[in-house]
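Notes for the one structure printed next.
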Amino acid sequence: MSDILSKEKRSWNMSRIKSGNTKQEMIVRSLLHKMGYRFRLHGKVGKQFNTKNVLPGKPDVVLAKFKTIIFVHGCFWHRHENCKFAYTPKSRKDFWMTKFRENKVRDKLVMKQLEDSGWKILIIWECETKNINVLQKRLKEKLHYE
């Protein structure tokens, strides 16, 4: 099945997809801040930010004090199992299946690199940001540093 949108329209749509500072990231960051946590953004560690101080995968939130990293994953892009947001588009299925497979392989590689470096990893899925109370409870359980 071919794409129902023109190449130009599809390109325009895709250019509007944000990779950082998404609504879901902002929700998690705001909640962490209200809970009293202090953190760095997008995998940056240390006082001087340069390429040597950026963690693999550019994590969304870095809690250096606790050696913990939080990724806020989009359910669609990172394939959250059994989630309604992780649908597969009807057009260009080969393209999308390859894209999703590559994303999952990259995610696994990044997780291994971070774990091998001694980091604890927490993944918050896009759909988990819909209910703030449940999200806060999950963060408390997983971080349990209070």
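Throughout, read-outs are computed from the coordinates displayed, never taken from laboratory work. In this text the structure is predicted, and so the values were computed from the model without any measurement. So basically every Cβ, Gly included, is an ideal-geometry build from the backbone, and we count neighbours across all protein chains shown.
Take the cross-link list Lys93/Lys142; Lys23/Lys104; Lys99/Lys137; Lys7/Lys112; Lys34/Lys108 and give me the ones stretching past 27 Å between alpha-carbons. Over 27 Å Cα-Cα: Lys93/Lys142; Lys99/Lys137; Lys7/Lys112; Lys34/Lys108. Counting only aspartates and glutamates at least 8 places from Lys120 when in the same chain, those with an alpha carbon closer than 16 Å to its own are Asp60, Asp107, Glu141.
In terms of the mean number of neighbouring beta-carbon atoms within 10 Å, the peptides 88-95, 25-32, 128-135 order highest first as 25-32, 128-135, 88-95. Treating each Cα of region 97-143 as one equal point scatterer and applying the Debye formula with no solvent, the log10 of I(q)/I(0) at q = 0.13, 0.14, 0.19 Å⁻¹ comes out as -0.44, -0.50, -0.78. With contacts taken as Cα pairs under 8 Å and at least 6 residues apart, region 20-143 reaches a relative contact order of 24 percent.
The alpha-carbon of Lys84 sits under 18 angstrom from the alpha-carbons of these aspartates and glutamates, leaving out residues fewer than 8 places away in its chain: Glu126, Glu128. For Lys67, the aspartates and glutamates whose Cα falls under 14 Å of its own Cα, not counting residues fewer than eight places away in the same chain, are Glu115, Asp116. Shape class for region 20-143, computed from the alpha carbon gyration tensor (a ≥ b ≥ c): oblate, with a/c not under 1.5 and a/b at or below b/c. Other residues with beta-carbon under 9 Å from the beta-carbon of Val61 carry, at +1 per Lys or Arg and -1 per Asp or Glu, a net charge of 0.
Here's the picture: charge each Lys and Arg Cβ at +1 and each Asp and Glu Cβ at -1 in region 20-143, and of Thr98, His80, Val110 the one pushed furthest to the positive end of that dipole is Val110.
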